[in-house]
């Protein structure tokens, strides 16, 4: 076989292995969209508007259409600037509108749908590589049935970021250093938490470097199991990884005239910053001052405990260090941001390695039982997503 035939065969084989995960994921998301459409119609609302023309979606389409520089000054003095929104999704929306009859909002919706499938495939690929095909299918399905899984179908950047992060982590785990660096750079152009992907690439590069140093031959001969040029590719991947996030942050600082920390000033205008979780802790404590809001407080505390517990289980299961670093940073940034407490669940969507312990447990069940569990969770997720979006919803 030629190299081209080998690569083609490899891709088709990978798609066949991932097919159950992708078909199951698509079915779950289709159910969510159907329930949202029915629920919205009953409340005289447009499901498509909720998915493409509300909250952050409007800011992304605004950047796609008009570029950066738009801001809203609130009566309390806060300044909401569109510089807070990273550019990759608006760029793709602009590209989609340029090459098709789609509007910017339509293009954002299509990007999210395609990216969500790519994310499900990437999650499957990572987990299959570590724990086998069955666990990979379960992980992709669990990501689909998360309570705020409907966000995966919105014209938001969560699906795009998760797709880039998952495939970057897969590239790291399989030693594709340049690919990992490029995907990490793109993730850094998607959301501020893209630095978590860069940190995972750096961690893997350091671990690989230490490993090659420790097993190198005494006479200085190259390691027989190491591909020629692997060290150079590893360095290149590590250099590329932070360029997306760093480049945009530095550009914002230059545009605002406030130097390297200009992006922090932009975020401060949204009252969004990193305070180590103090504001979130106060918010949770405030739920316990009355009833029934205390029930919400109990749910929030339980959710945080569950997140920490899943992370600890991942450590005990000896998940690869790059995954633990990535997940830890995503969770820390989501929980320790000082504003928009209602958006924390969707900010945690990219932390898919937290689902690995649950996926392994689900994979041990019989097919009938695992299907029943996933089906029940899918129905609950669809109902909650419709209720959430037709109510307060994101920001």
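The values are calculated or read from the model by the stated rules, or taken from the named source; none is laboratory data. Values in this document were obtained by computation on a predicted structure and should not be read as measured data. As a convention, Cβ positions derive from the backbone with ideal geometry for all residues, glycine included, and neighbour counts pool all protein chains shown.
Points worth noting:
- Test: residue in the stretch 327-334 that is part of a loop (DSSP other than H, G, I, E, B), buried (at least 17 other Cβ atoms within 10 Å of the Cβ) and on the phi < 0 side of the Ramachandran plot: no
- Boolean, residue 42 is touching a residue at least 60 places away in the same chain (Cβ under 8 Å) and either under 20 Å from residue 144 (Cβ atoms) or surrounded by fewer than 17 Cβ atoms within 10 Å (Cβ to Cβ) (or both): no
- Residue match in the stretch 88-102 (condition: surrounded by fewer than 19 Cβ atoms within 10 Å (Cβ to Cβ), free of Cβ contacts under 8 Å to residues at least 60 places away in the same chain, in a loop (DSSP other than H, G, I, E, B) and touching a helix residue (DSSP H, G or I) at 6+ places or on another chain (Cβ under 8 Å)): yes
- Filtered residues of the stretch 178-202 (kept if in contact (Cβ under 8 Å) with a residue 60 or more places away in the chain and over 8 Å from residue 241 (Cβ atoms)): 178, 186, 189, 190, 191, 192, 193, 194, 195, 196, 199, 200
- Among the residues making up the stretch 54-68, those that are at pLDDT 95 or above and either part of a loop (DSSP other than H, G, I, E, B) or touching a strand residue (DSSP E or B) at 6+ places or on another chain (Cβ under 8 Å) (or both) are 67, 68.
- Listed by first and then second residue, the pairs linking a residue in the stretch 356-369 that is farther than 25 Å from residue 316 by Cα to a residue that is surrounded by 14 or more Cβ atoms within 10 Å (Cβ to Cβ), with Cβ atoms under 9 Å apart and 6 or more places separating them unless they lie on different chains, are 369/362.
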